[in-house]
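Accompanying notes for the structure given below.
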Amino acid sequence: MSSPHERPLGIDELLEQVREGLDRVAAADAYEAALAGDALLVDIRYAALRDRDGLIPGALVVERNELEWRLDPQGSHRAPEATGHDLRVVVVCNEGYASSLAAASLRQLGLHRATDLVGGFQAWKSAGFPVTA
């Protein structure tokens, strides 16, 4: 907790700080890792965006407000895919902002390989990688 005399971080500074600790991946790297079974793509976009733009085939859909509960390997509400702390998770949001904060949160839970997709779903789609309706 910061003292009352410290200047609070703004969101841009926080985002920059969080990203320094992540090994963020480009769409091509995320695609190759997912195809090889080396990474779990986790789509945290809300339903309206998924309905509008489609889905990444094979990605686990977990809305942001459930992410930590579903991906914590020790959690009682974990998804079957949450197999351990060594799991490489690539978080995908719409444009790559919320996903950075989400990946940092997963790292606090011990998922030390958690990261996010630079540019988010929009970068994936723009690169021409598979999307289903």
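Under unit Cβ charges (Lys, Arg +1; Asp, Glu -1), what dipole magnitude, rounded to 20 debye, does segment 15-66 have relative to its Cα centre?
Working: 6 positive and 11 negative charges, 40 e Å.
So the magnitude is around 200 debye.
Quick check: net charge around GLY119, other residues with Cβ under 11 Å of its Cβ, Lys/Arg +1 and Asp/Glu -1?
Working: positive: ARG24, LYS125; negative: GLU95, ASP116.
Neighbour charge sum, excluding GLY119 itself: 0.
With a 1.4 Å probe and every protein chain kept in, tell me what percent of the accessible surface of segment 35-90 is carbon plus sulfur. The partial results should precede the final answer.
Details: 1500 of 3080 Å².
Here carbon and sulfur together make up 49 percent of the probe-accessible area.
When the gyration tensor of segment 61-133 is built from Cα positions, what are the square roots of 5 times its three eigenvalues, in whole Å, from largest to smallest? Don't jump to the answer; show the numbers that get you there.
On the way: eigenvalues 100, 32, 23 Å².
Semi-axes, largest first: 22, 13, 11 Å.
Magnitude of the Cβ-charge dipole of the chain, K/R +1 and D/E -1, about the Cα centre, nearest 20 debye? Spell out each step's value before the answer.
Details: 13 positive and 20 negative charges, 43 e Å.
In debye, rounded to 20, the chain gives about 200.
With a 10 Å radius around each residue's Cβ, average the other Cβ atoms per peptide and rank 120-126, 19-25, 56-62, highest first.
120-126, 56-62, 19-25
As a test, work out the antiparallel percent of DSSP beta bridges whose residues both lie in the chain, rounded to the nearest 5. Provide the component values of the computation, followed by the final result.
On the way: 1 of 10 bridges.
Taking every DSSP beta bridge with both residues in the chain, the antiparallel ones total about 10 percent.
Average projected area of the Cα convex hull of the chain, in nm²?
Details: hull surface 34.8 nm².
Dividing the Cα hull surface by four gives the mean projection, 8.7 nm².
Can you give the FRET efficiency for GLU95 and HIS5, using 1/(1 + (r/R0)^6), R0 = 25 Å, r = Cβ-Cβ distance, to the nearest 0.05?
Working: r = 35 Å, r/R0 = 1.40.
Once rounded, the FRET efficiency stands at 0.10.
Set the Förster distance to 25 Å, then compute FRET efficiency between ARG78 and HIS112 from the Cβ-Cβ distance, nearest 0.05. Mind dumping the intermediate values first?
On the way: r = 17 Å, r/R0 = 0.67.
Between ARG78 and HIS112 the formula returns 0.90.
Which of ALA33, PRO80, ALA47 sits farthest toward the positive end of the charge dipole of segment 19-80, with +1 on the Cβ of Lys and Arg and -1 on the Cβ of Asp and Glu?
ALA47
Give the accessible surface of segment 9-124 per residue, rounded to a whole number of Å², with probe radius 1.4 Å and ligands, DNA and RNA excluded. Please report the intermediate quantities before stating the final value.
Details: 5860 Å² over 116 residues.
Value returned for segment 9-124: 51 Å² of accessible area per residue.
What list of ³J(HN,Hα) couplings, whole Hz, do you get for segment 24-37 from phi and the Karplus terms 6.51, -1.76, 1.60, once you set θ to phi - 60° and write x for glycine and proline?
Computed from phi, the couplings for segment 24-37 are 5, 10, 7, 4, 4, 5, 5, 4, 4, 5, 5, 4, 7, x Hz.
Based on the Cβ-Cβ distance from ALA133 to ALA36, what FRET efficiency comes out when R0 is 25 Å, to the nearest 0.05?
Values: r = 25 Å, r/R0 = 1.01.
FRET efficiency, ALA133 to ALA36: 0.50.
If contacts are Cα pairs under 8 angstrom and at least 6 residues apart, what is the relative contact order of the chain in percent?
Working: 215 pairs, mean separation 39.0, N = 133.
The value is 29 percent.
The values are calculated or read from the model by the stated rules, or taken from the named source; none is laboratory data. Remember, it's a predicted structure, so these values are computed and weren't measured experimentally. Counting neighbours? That spans all protein chains shown, and the Cβs are built from the backbone with ideal geometry, glycine included. These accessible areas exclude ligands, DNA and RNA; they are computed on the full protein's heavy atoms, side chains included. Shrake-Rupley method; radii C 1.70, N 1.55, O 1.52, S 1.80 Å.
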